[in-house]
Amino acid sequence: MKTLFAHRGMSALAPENTLAAFNLCPEYGLSWVEVDVDVLADGTVVVSHDDTLDRCTNRTGSLYDLTFEDLQDIDAGSWFGDDFIGEPLPTFTQFIELVNKHKLNINVEIKSCTAGWEHTEKLIDGVINGLKKLNRYSDLLVSCFNPLALAEFKRRSPNTAVACLFEKETLQQDWLSILQACHAEAIHVENDGLTKEMVHEMKHHGYAVNVYTVNDLARANQLFNWGVDGVFTDVGHLFPSRYRHG
């Protein structure tokens, strides 16, 4: 079975990493959702790719200066379209409630906190606590670009499957050692520059291979023919029905 991950939700149809974007996944037959999480100053885990508000809300400034009370004044949808005016910046708790409602499978990407290790530990703890509320129907994968953070998450939650994330520039010959150090089950790699030989080597070592971000259907087909297990895409609604369910 080849997997389509809805990258930050149905992010071509609704503002990325919002409840609106995640709510659309069942409608288009995508059962796997990728979500980015970071942490506020008071330990509240929120759904956001960036550590600032500037790109995807009506505000500017750092997430690390905010608390839960600040969220009510943030509009994370009006930048995308009039239909999404007032769309909130979601908490991880709200996201888990939505996932449970739709029985979705989730890939939670823990952001590598630029505010330092103390914030990273706060984020890891918050994610672990939030995942305790995840229903038993959902498959779960936790990923991170920072192998130190991922290894620490795995230490604290040893029964959770984890994936090491690599950009093209960071995918060096030591990738296997990094996956082994993190006790990872999967490797998530950038689409750009990925070759058939690289995929086969990763599969040879027993890892699931998922590729981001693939918005070209011919490239996705090529990757799947090479043995890739899944692709992250912004345009899951455009893929043929054989990749989608429901």
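In the stretch 136-145 there is at least one residue matching the filter, namely being modelled with pLDDT under 95 and either part of a loop (DSSP other than H, G, I, E, B) or among the polar types (S, T, N, Q) (or both).
Here S157 fulfils each of the conditions (1) of a type in the set (S, T, N, Q); (2) more than 17 Å from N107 (Cβ to Cβ); (3) surrounded by 13 or more Cβ atoms within 10 Å (Cβ to Cβ) apart from (2). Every condition in (1) under 18 Å from the mean Cα position of the chain (by Cα); (2) surrounded by fewer than 16 Cβ atoms within 10 Å (Cβ to Cβ); (3) modelled with pLDDT of 95 or more holds for L176 except the one numbered (1). Applying a threshold of 7 Å to beta carbon distances and a minimum spacing of six or more residues, or different chains, the list of pairs starting in the stretch 1-26 at a residue that is in contact (Cβ under 8 Å) with a residue 40 or more places away in the chain and part of a helix (DSSP H, G or I) and ending at one that is surrounded by fewer than 24 Cβ atoms within 10 Å (Cβ to Cβ) and charged (D, E, K, R) reads A20/E87.
A184 fulfils the conditions (1) assigned to a helix (DSSP H, G or I); (2) among the aliphatic types (A, V, I, L, M); (3) buried (at least 19 other Cβ atoms within 10 Å of the Cβ) except for a single criterion, (1). Among the residues of the stretch 135-154, those that are touching a helix residue (DSSP H, G or I) at 6+ places or on another chain (Cβ under 9 Å) and exposed (fewer than 15 other Cβ atoms within 10 Å of the Cβ) comprise N135, Y137, L148. Tell me, yes or no, whether the stretch 156-173 has at least one residue that is without any contact (Cβ under 8 Å) to a residue 12 or more places away in the chain, of a type in the set (V, I, T) and farther than 20 Å from V47 by Cα. Within the stretch 156-173, none of the residues are without any contact (Cβ under 8 Å) to a residue 12 or more places away in the chain, of a type in the set (V, I, T) and farther than 20 Å from V47 by Cα.
The values are calculated or read from the model by the stated rules, or taken from the named source; none is laboratory data. Here the structure is a predicted model, which means the values were calculated and not measured. As a convention, Cβ positions derive from the backbone with ideal geometry for all residues, glycine included, and neighbour counts pool all protein chains shown.
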